[in-house]
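Just below is one structure, and these are the notes that go with it.
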Amino acid sequence: MIIDFHTHLFPDAVCSGRQCFCDSEPAFDMLYRSPKSRLVSTAALLAAMDANGVERSVVFGFPWQNPELFRMHNDCIMEAVQRHPGRLTGFGCFDPLARDSAREAQRCLDGGLSGIGELAFYRSGIDAEALDRLAPVMELCRDRGRPVLIHANEPVGHAYPGKAPVTLAQLYRLVQRFPGTTIVLAHWGGGLFFYNLLKKEVKEALSNVYVDTAASPFLYDPAIYRVAIDVIGPGKILFGSDYPLLPPRRYFKEMEEGGLSPQDRAAICGVNAARILGVSQ
């Protein structure tokens, strides 16, 4: 079974009228004002899954600042999961700095969603205040055995919309602060996994941390797969396409170019995700 651990869908009202949401939501404006930035609804996601041989996708919305918007979007995710329980696994998403974030996380999990994410700090770093705001959400997911997916990005290299001012030190403090929570760091964790090679402390701190491959064809050489497997093992890597940013087939091609064994590819493309989500293969 191929499981895509990182996809997005939007309510029809947002897909058809994105400009109405840009002025009041700076992060959404940064990422989606351009018509070239695709917004898709449930039907388009399912069609892409069929076209790329993906059996199940983890799907989530957007970290809106406005509580009305993130509740509306999470309702959309819940409805999609209820209609397609064999194809879609939903995560709840919201602005992690919002005052209602813990309450919304509980509502989403009570409503049938299977985790929280993609939580992002697009316009700020993950400082001490952010960690304090995150604490109730992270502890709730720890207690319920649910994963939390956090947006990460490499702190060097070219600039692009959505590249947040999040440092590796901040990500490391996050995983240290919440050792009992299963954490998935998107976009190869910004490269944090490399420090698993250190002899002291880091390997233990990252024991409950996974990385996903979202946006990898835009960011890394296909050799990243082999390097990551050598450093953290195939059991800590999750295939995520970031659809509709990129179709899954782009990743499968790069996995071939990266020289993955069938066993490693099976782990990355489904076995690991099924274990985390508690779904049968």
Note: Ser34 to Ala159 extended length (0.36 nm per residue) minus current alpha-carbon separation gives 43.3 nm
Once Ala51 and Gln281 are pulled to full extension, the length gained, defined as 0.36 nm per residue separation minus their Cα-Cα distance, is 80.8 nm
To the nearest 20 debye, region 3-277 has a Cα-centred charge dipole, built from +1 on Lys and Arg Cβ and -1 on Asp and Glu Cβ, of 320 debye
Note on the chain: the mean projected area of its alpha-carbon convex hull, in nm², is 13.3 nm²
In nanometres, the difference between 0.36 nm per residue of separation and the alpha-carbon distance of Arg249 and Arg99 is 50.1 nm
Loop-resident GluC sites (Glu not before Pro) in region 175-262 with no more than 11 other Cβ atoms inside 10 Å, DSSP not H/G/I/E/B, are Glu201
With DSSP loop assignment and no more than 14 other C-beta atoms within 10 Å, the trypsin sites (Lys or Arg not before Pro) in region 59-142 are Arg99, Arg123
If R0 = 45 Å, then Ser24 and Val231, at their Cβ-Cβ distance, give a FRET efficiency to the nearest 0.05 of 0.60
Number of Lys pairs in the chain closer than 20 Å at Cα, excluding neighbours under 8 places apart unless interchain, is 4
Within region 188-237, DSSP-loop trypsin sites (Lys or Arg not before Pro) with at most 14 other C-beta atoms within 10 Å are Lys199, Lys200
From the Cα centre of region 205-251 to that of region 99-136, the distance in Å is 23 Å
Which of Cys108, Cys20, Cys141 fluctuates most in a GNM of the chain (C-alpha springs under 10 Å)? That residue is Cys20
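Just so you know, all these numbers are worked out from the coordinates, no wet-lab data involved. This is a predicted model, so every value here is computed, not measured. As a convention, Cβ positions derive from the backbone with ideal geometry for all residues, glycine included, and neighbour counts pool all protein chains shown.
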